[in-house]
Each structure stands twice: as C-alpha cells, then as structure tokens.
Amino acid sequence: MRPRLFGMTASVAAFGLLGSLVTACGSSGSGGTTLRLVAPEYGDSPATGSRAYWDGLTAAFTAAHPGKKVEVTLHPWAEVDREVTRMVHEGDAPDVALLGAYSDFAAQGRLYPADEVLSIRAEANFLPPLVEAGSVDNTLYGLPFVASSRLLFYNEELFDRAGAKPPKTWSELKSAAEALKAAGVVCPYALPLGPEEAHAEALIWELSNGGGYTDLRGEYSLASERNTQTFRWIKDNLVKPALTGPVPPAALNRQDAFDAFLRGDVGMLNGYPSLLHQAKRKGMKVGTLSMPVSDTLSSEEIPPAAGVADWMMAFKRDGNRELVRSFLDFVYKDENLNEFAERYQLLPSTVSATQASQDAAADPSAEQFLIALRGARLYPVNDPSWLRVSDTIKRNIGRAVEPSADPKTVLEQIARQAGEASQPE
C-alpha cells in the first residue's frame with residue numbers, strides 16, 4: 001500500500017480483465033530453493049524506496065535458511081498488477097506477490113489458501129476485518145500485509161480563526177464549513193470525488209449514514225435508499241452552497257486535496273496516517289476524529305470507519321509450498337511487519353504487531369487509526385468483479401453531486417454497470 005488511500009486503488013483497471021489464462025502450476029522456476037517475490041514500490045524517492053527494506057529482510061531470511069534465496073522484483077504501483085497478470089498469463093507466475101487485490105486469481109484456483117502456507121499462529125493473528133475482506137467462501141486467500149483507516153482531519157488554526165467546533169454530525173460539519181467559508185477559507189471541506197480515489201470518499205460518506213457498497217448478504221447495494229440520501233445531502237448541503245471549494249468534486253483528486261490541506265487552504269477532509277505525519281512535519285496543528293455521522297442515525301448506530309489493505313498472495317507452483325510457507329512466516333514476524341508499516345506510516349495487519357506498534361508508538365495519535373482499523377469496513381475486494389466495479393464508481397460517482405444531477409439516477413446507472421460486471425463471462 002503506497003501512501004495514498006492506499007495501494008489497492010493504484011492500477012485497478014489494469015488488473016481486472018485477466019481473460020483466459022493458462023495454468024501456472026508446473027511453470028518454470030527454481031523449485032524449492034529460490035523464491036520469487038513481485039511487489040510494488042511504496043516510496044516516492046530514492047531515499048524512501050522499498051528496495052532497502054526487502055534487501056534487509058531477504059538477507060535475514062537467507063541467513064536463517066541456508067541454501068534458500070529470494071529474488072525481489074519491484075514495479076511502480078501503476079504497473080505491478082499488469083506485470084503479475086502478464087506473468088501468470090505466460091505460465092510464469094511468481095511464488096509470492098504483493099498487490100492491491102487478489103480475488104480474480106483466487107477465483108481461478110491459482111492461490112494457496114492461507115492454511116497451506118502459514119502456521120496456525122500466523123493465520124490466527126490477522127485482524128478480523130482484514131480476514132473477512134481477504135476470504136472467499138470462508139477461505140483466506142488474500143493475506144493482509146499493511147492497512148489503513150480513515151479519519152476526518154481538521155486544521156485547528158483555521159477552526160480557531162472561524163470559531164468553528166469539531167463536528168460529530170453532518171449538520172455540525174455543515175455549520176463548521178459555513179463558519180470556515182465566512183472566515184475566508186478557500187475550501188471549507190475538500191470532497192475528492194475525482195477519478196483518482198472517488199470510491200474511497202464515497203464509501204466514507206455512505207458508511208456514515210449506515211450504507212455502503214454491499215448489503216448484509218454481501219451483494220452490491222450501490223443505489224440503496226441510504227446511499228441515495230447520502231449523496232442528496234452532500235449535493236444540497238455542501239456542494240450547492242459552495243462549501244467544497246472552487247474545484248468541482250468530480251474534478252478534485254485525492255492528492256490535490258491533500259496538497260491543498262498541507263498548504264492551509266482546506267479546513268476539513270478525510271485522511272490517513274501518512275498525511276498526519278506530513279502535516280506535523282510542516283508544523284501544522286491538526287485534529288482528527290471519526291467521520292461525522294448522519295443526523296438521521298439513532299444513537300445505537302455507530303458506523304464503522306473505512307479501511308483499506310494490501311494483500312500478499314501465494315501462487316501454486318510445483319514444489320514451492322514449503323519455501324513459501326517459511327518465507328511468509330518470516331515476513332509476518334512482528335518486527336518485520338512493523339518495520340515496513342512504520343517506514344510508510346501505515347498500519348500492521350496482525351493483532352500482535354498492532355499491539356507492539358501501539359506500545360512503541362512515539363506518536364499517540366497513531367492509536368486512533370489502529371482503533372478505527374479494528375472495526376473498519378473494507379472494500380468488497382473478495383468479489384472478483386470489484387476491480388471493474390470500483391473503476392466504474394471512480395469514473396462516475398462525482399456526477400451524483402453535480403448541481404443539475406439527480407443522485408438516485410446516477411447511482412442507479414452505476415448499479416446497472418456493476419451488475420453487468422458481476423455477471424460471469
């Protein structure tokens with residue numbers, strides 16, 4: 001997961017259409033002595049590159065397992081899914097890959113289930129929401145690696161200047177945005193519904209009204225009444241009164257919103273741990289809190305935060321299972337997982353590493369994200385159609401809050417396209 005919301009959104013369209021692939025079992029390789037790992041580059045400069053982490057980890061692994069080697073290939077996030085798809089198509093799948101989604105490969109029977117490549121202790125150690133998202137038909141195939149949750153960020157200095165109070169409900173968020181606008185803040189609330197990560201912002205809002213992308217049965221409910229109410233409220237109470245800034249939400253991407261927040265032009269927006277670290281390095285005073293909830297929810301309804309994870313997956317290859325098992329058990333040691341998570345201000349995926357991270361955290365604010373992750377709702381990544389569905393959401397959901405749009409009509413159009421993507425090919 002790169003420092004965005006997060007890695008799973010990076011190359012969603014490229015991964016979706018696998019077509020008819022040849023069987024990876026029996027493909028060429030080094031059998032049980034050399035493990036090949038393909039992973040994305042999480043850093044954004046030579047100083048923050050991922051190579052140093054993997055070099056250190058693989059050196060420690062080979063020292064502990066004489067005669068075994070690990071070859072690591074790194075690709076940019078925009079290319080890694082496509083590269084793994086190509087390798088599988090050519091019958092040369094890696095032994096292990098770290099990607100933003102796994103369910104297409106699991107649906108084709110190409111992945112080992114977790115119980116074949118992890119110890120019982122390691123498999124039982126994952127945080128429950130991540131296990132649910134990583135499972136297909138109650139079998140864990142996507143092994144969560146690093147994760148994140150989202151909280152509402154607010155610029156304390158701008159709030160003080162405007163006399164605004166941190167909001168706990170939608171109506172309070174609107175009042176705070178109005179006060180910020182009156183105080184001359186360029187963008188009281190940043191609403192990034194542009195194609196970069198619109199599906200993230202949309203899910204956060206949907207959850208805060210008791211909605212979401214799927215219903216209790218796990219089926220898509222994109223055009224539900226609650227989701228319709230959500231986008232109608234956003235349109236009428238934030239977009240029409242020009243409380244979302246000068247850039248139309250459908251044209252505002254997440255990175256642009258974050259950059260504006262770091263410049264001091266944004267009063268509120270949804271963010272994740274690395275943004276908080278960036279803001280604090282700039283000396284900004286930033287408050288964080290759970291996403292404000294709809295005023296129509298009862299006091300007993302406490303919506304989950306939105307969460308995201310990136311996934312390790314082990315490909316079935318002749319003679320590689322024991323080597324893969326040894327490597328993954330090593331990767332998921334607390335110290336190794338936390339080293340990577342801390343390097344990129346992300347959250348570890350296991351109970352024990354999370355506890356170790358909390359105990360050692362120099363920044364107490366990190367605990368809020370860890371707590372939110374424990375009960376978070378993730379994207380429906382265990383549905384093989386999700387990659388195509390999420391791409392549809394990203395490209396279209398911003399239209400639901402345009403001044404002349406009917407949110408219900410837009411959501412129904414997205415739902416129809418999602419239904420088509422869900423049909424077997």
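The values are calculated or read from the model by the stated rules, or taken from the named source; none is laboratory data. On a predicted model such as this, the values are computed, not experimentally measured, just so you know. Here the Cβ positions follow ideal geometry from the backbone for every residue, glycine too, while neighbour counts run over all protein chains shown. With ligands, DNA and RNA removed, areas are computed over all heavy atoms of the protein, side chains included. Shrake-Rupley method; radii C 1.70, N 1.55, O 1.52, S 1.80 Å.
Observations, loosely collected:
- Efficiency of FRET from Cβ geometry, Ile371 and Leu216, R₀ 30 Å, rounded to 0.05: 0.80
- Angle in degrees between helix 321-331 and the longest Cα principal axis of the chain, rounded to the nearest 10: 40
- Annotation for the range 208-285 versus the range 66-129: alpha-carbon center distance of 31 Å.
- Anchor Lys68: lysines whose Cα lies under 25 Å away (excluding residues fewer than 8 positions away in-chain): Lys316, Lys333
- FRET E, pair His277, Asp44, Förster distance 22 Å, beta-carbon r, rounded to 0.05: 0.95
- Degrees separating the helix 351-360 axis from the principal Cα axis of the chain, which is the longest one: 60
- Share, in percent, of DSSP beta bridges within the chain that are antiparallel, nearest 5: 65
- Reciprocal of mean inverse Cα separation for the range 56-193 (Kirkwood radius, Å): 19.5
- When you count the other C-beta atoms within 10 angstrom of each residue and take the mean per peptide, 377-390, 61-74 line up highest first as 377-390, 61-74.
- The C-alpha atoms of the chain define a longest principal axis, and helix 77-89 lies at about 40 degrees to it.
- Estimated [θ] at 222 nm from DSSP helical runs (n ≥ 4, -39500 (n - 2.57)) normalised by residues in the chain, nearest 500: -12000 deg cm²/dmol
- What the chain shows is 40 Å² of accessible area per residue, with the surface traced by a 1.4 Å probe over protein heavy atoms.
- Ellipsoid equivalent to the range 149-228 - semi-axes via the Cα gyration tensor, in Å: 29, 13, 10
- Sulfur and carbon atoms: percent of accessible area, the chain [1.4 Å]: 50
- Pairwise label distance in nanometres, Ser119 with Thr139, each label 7 Å out on the Cα-Cβ vector: 2.5
- Farthest towards the positive end of the charge dipole of the chain, among the residues Ala202, Pro144, Ser352, is the Cα of Ala202, using unit charges on the Cβ of Lys, Arg, Asp and Glu.
- Eligible lysines near Lys394 by straight Cα distance, threshold 19 Å, same-chain separation 8 or greater: Lys235, Lys408
- Rounded, prolate or oblate (a/c below 1.5 giving rounded, otherwise prolate when a/b exceeds b/c) for the range 128-175 by Cα gyration tensor: prolate
- With R₀ set to 56 Å, the beta-carbon distance separating Glu71 from Lys285 gives a calculated FRET efficiency near 0.75.
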